[in-house]
Amino acid sequence: MPDNHSITWYINRLAAMSFDEVLLRVKRKLAEPFVNKAIKNEKLPCSIAEILSSANTLIGCQPIDTDKIKISGSYLKEIIENADNVCDGKIKLFNQKIQLDNPVNWFRDYAHEIDCPKVDAKNLNYRNPEQVGDIMFIWWLNRHQHLMPAAIAYFETDDQKYADVVLAQLKSWLDVCKYPVGPAWLTGIEAGVRLITWAWLFRFLFAKGKPGNCSDDFLASWFISIRQHVHYINTHWAKYSSANNHIIAEAVGILAAVDTWPQLFPDKNYKEISRDILQQETNKQIFRDGVNKEQSTSYHAFVLELLINASIFDNYLKKNIYGTIKKMARFLDALSGDSGIIPDIGDSDYAVASGVIPRSPKYYSYLAAAARLPVNPLEIKPISLISNPVEWYCGMESLEKPPDESVYFEDGGYAVWKSVLDSKLKINLYMNLSDLGYGQIAAHGHADALSFTLQINDEPVLIDPGTYAYHDDKKWRDYFKGTRAHNTLIVNGLDQAEIKGPFLWGDKYYVHTHHSVMSNDQLNIKAEHDGYYRDEMVLTHRRELSWHPLFKKWIIKDELVGNGRYNAELLFHVHPDRKVIKEPSNTFRIIGNGYNLVIKFSSHFKCRVACGETNPPLGWFSPVFGEKIPSPTIVAKGKVVGFDNIFTEFFIENVKVEI
């Protein structure tokens, strides 16, 4: 029997659905037995030979001469090392080292050593960690992206052992994960991403012909499963309140399958269906200035990579979405410094579209580079040496990052200020002026209105603490997505919106920006949100962030516009590599490499440094999904009367580094 908490979640989730969505879900439930039978009974429409003869083994946006193309020494070394690890069953999921069984247990959360039941997907409760462990580790394993280095290594070296490990793991998956068994068939996005990954694996393996030890029986099973994947997606599209990045991944997955194995799909024009969905959803989910409406940099990048893949698989679609791709890349470029570090605003689950470009500190800059390439194939100059993973997508040397500039993304709700101070310190400051998230449930947004982050000389100083958990730990999920885990002001201990589930918000706030003025030596941003305009409170939080070049300091003015007395708490989360020293007069000094950032709070606030606290959580940083480490957080608490102004000052001291 479900517990009271899960019943409450179901009620809240149902309340977030429109009548049309409820009706669609009822219709799907009634049709489920017939749909399942049809998917199970999928057959090949033609012979294996016909499928292979028409298969597309194009790698990237133009033909690559498989006899002449080479991988540079440093990149090849990385590929071979990772491929050899795959052969030994050693992989990484969310930066955790995993030792796989032989054959792989596709139902196992290897990180937490929990096996989920080998039952039909509909009988799995993936939100129950006691039953499935952390479902994210199982889903990411079942995406097969860990096999990409082995496929690329085979393409480059012709060493059969690399093809064998890919074929063996795919065969074992096909043997035990037949539709609809297991968590791999729980959602359409998993099927879509797996199709994209399979398309690239196939192209690397078959670019020079059919690899050895690849039997027709295996290919028949694989091709039937590909048809089942497409059929499954086409009958389970993520619609209405669930239609975020999921439906984009589903559509690109079908494009990947249809473009790679055209003879598999003579019976339906899936390309037109996916093309129409992608054009519609791109217009819905991406602001005019290129910012993804989910308000998550990680999902922004994931969707950007999906659209880059879509442009590779469909030249016609490329012309229609290329402008959006360029604008999305501009947003990543704006957020990043020379090091490519970008704050993980909103949810971050380390998702990638194919595995060709793996998650690494360079992931965001690699994607932006791939997106900057020209749309006209005649302008693309092929290369014979692949020096980084971007060039598999591009087919040419990636372009350099454009010069840094301050940008206000008015539609998306982000102000990015870049400057070089007199002390030659490079400043990269971003402020969040966005609403909570996309759609009715705002699934991947965090309650971080009017928060900001700060990098000095490409070092993260004031940070967004990250995500850490999704389904398996409510306490930590609520903390990392909540207001207290962001550099803003919290009132009466309340989040800016009501958490109703791990991916469900109630009483969503909206942000109004009064103005955003930025230049190299000028910064003045003023905005407010209505997140505390609920229940018995009639309260608006207004924040003004300004740079004063004469005094060489930033001043934050926070105002609570409303009658009454409130408990106010200012929070500033500091990167764990920086040291924080508390000094007299409510002053804190953050020690960096060659600089100190000094913060001064109002005298009537009580201030401290929190680090690694658990009850309630405070002072943590999640560098990657599933991992958290203690990190200093500066906390200032006090009583505030409505319409009072709270002033906080920041200034930088240049420090000579002794060599």
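Order the peptides 31-39, 82-90 from the highest to the lowest mean number of other Cβ atoms within 10 Å of their residues. Working shown, then result.
Values: 31-39: 13.3, 82-90: 17.2.
So the peptides 31-39, 82-90, ranked by packing, come out 82-90, 31-39.
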- Charge-dipole axis of the chain as Lys and Arg at +1 and Asp and Glu at -1 on Cβ define it, positive-most pick from VAL416, GLN295, LEU597: GLN295
- Any chance you could look up the accessible area of ASP458 with a 1.4 Å probe, heavy atoms only, rounded to 10 Å²? 30
- Message: Just to verify a number: FRET efficiency for VAL420 and ARG534, C-beta to C-beta distance, R0 = 56 Å, to 0.05?
- Response: 0.85
- Note on the structure: Going residue by residue through the stretch 252-259, the Karplus relation 6.51 cos²θ - 1.76 cosθ + 1.60 with θ = phi - 60° gives ³J(HN,Hα) values, rounded to whole Hz and with x marking Gly or Pro, of 5, x, 5, 4, 4, 5, 5, 6
- Message: Could you compute how much accessible surface SER242 exposes when probed at 1.4 Å, giving the result in Å² to the nearest 10?
- Response: 30
- Query: Residue farthest toward the positive end of the dipole of the stretch 45-198, with Cβ of Lys/Arg at +1 and Asp/Glu at -1: which of LEU76, TYR162, HIS146?
  - Reply: HIS146
- If unit charges are put on Cβ atoms (+1 for Lys and Arg, -1 for Asp and Glu) and the dipole of the stretch 1-115 is taken about its Cα centre, the option from CYS61, CYS87, VAL35 lying farthest towards the positive end turns out to be VAL35
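Looking at the square roots a ≥ b ≥ c of the eigenvalues of the Cα gyration tensor of the stretch 521-659, which shape do they give, rounded for a/c under 1.5, prolate if a/b is larger than b/c, or oblate?
Values: a/c = 1.91, a/b = 1.29, b/c = 1.48.
Note, shape of the stretch 521-659 comes out oblate.
Could you order VAL598, VAL181 so the one with the most accessible surface comes first? Probe is 1.4 Å. Before the final figure, lay out the partial values.
Working: VAL598 0, VAL181 35 Å².
Result, largest first: VAL181, VAL598.
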- Ignoring ligands, DNA and RNA, how do THR235, THR614 rank by accessible area with a 1.4 Å probe, largest first? THR614, THR235
- Solvent-accessible heavy-atom area per residue, rounded to whole Å², over the chain at 1.4 Å: 40
- Message: For THR197, THR324, give me the order by solvent-accessible area with a 1.4 Å probe, most accessible first, ignoring ligands, DNA and RNA.
- Response: THR324, THR197
- Task: Pop a pseudo-label 7 angstrom from the Cα along the beta-carbon direction at both ALA15 and LYS70 and give the gap in nm to one decimal.
- Result: 6.5
- Helix 19-40 versus the longest principal axis of the chain: what angle, 0 to 90°, nearest 10, using Cα atoms? 30
- Rounded to one decimal in nm, the spacing of the 7 Å Cα→Cβ label points at PHE34 and HIS604 is 6.9
- Message: Placing unit charges on C-beta atoms (Lys and Arg positive, Asp and Glu negative, everything else neutral), compute the dipole magnitude of the chain about its Cα centre in debye, rounded to 20.
- Response: 520
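Among all stretches of the chain without exposed GluC sites (Glu not before Pro) (DSSP loop, at most 15 other Cβ atoms within 10 Å), which one is longest? Mind dumping the intermediate values first?
Values: sites that count: GLU113, GLU400, GLU405, GLU410, GLU536, GLU658.
In short, 114-399.
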- What FRET efficiency comes out for the pair HIS548/ASN593, r = Cβ-Cβ distance, R0 = 35 Å, nearest 0.05? 0.90
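Quick one: dipole size for the stretch 380-481, taken about the Cα centre, charges +1 on Lys/Arg Cβ and -1 on Asp/Glu Cβ, in debye to the nearest 20. Spell out each step's value before the answer.
Numbers: 9 positive and 16 negative charges, 35 e Å.
Approximately 160 debye in magnitude.
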- Item | Rounded to whole Hz, the Karplus (6.51, -1.76, 1.60) HN-Hα couplings of the stretch 228-236, x for glycine and proline | 5, 4, 5, 4, 4, 4, 5, 10, 9
- Query: Once the convex hull of the C-alpha atoms of the chain is built, how many Å³ does it hold per residue, rounded to a whole number?
  - Reply: 160
- Taking Cα atoms, the helix 4-15 axis meets the longest principal axis of the chain at an angle in degrees (rounded to 10) of 80
- Query: Where does helix 270-285 land angle-wise versus the long Cα axis of the chain, in degrees 0 to 90, nearest 10?
  - Reply: 0
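The values are calculated or read from the model by the stated rules, or taken from the named source; none is laboratory data. This structure is a prediction, so every number in the text was calculated from the model and none was measured. When we count neighbours, we look across all protein chains shown, and the Cβ atoms used for this are built from the backbone with ideal geometry, even at glycine. The protein model used for the area step is the full one, side chains on, heavy atoms only, and it has no ligands, DNA or RNA in it. Shrake-Rupley method; radii C 1.70, N 1.55, O 1.52, S 1.80 Å.
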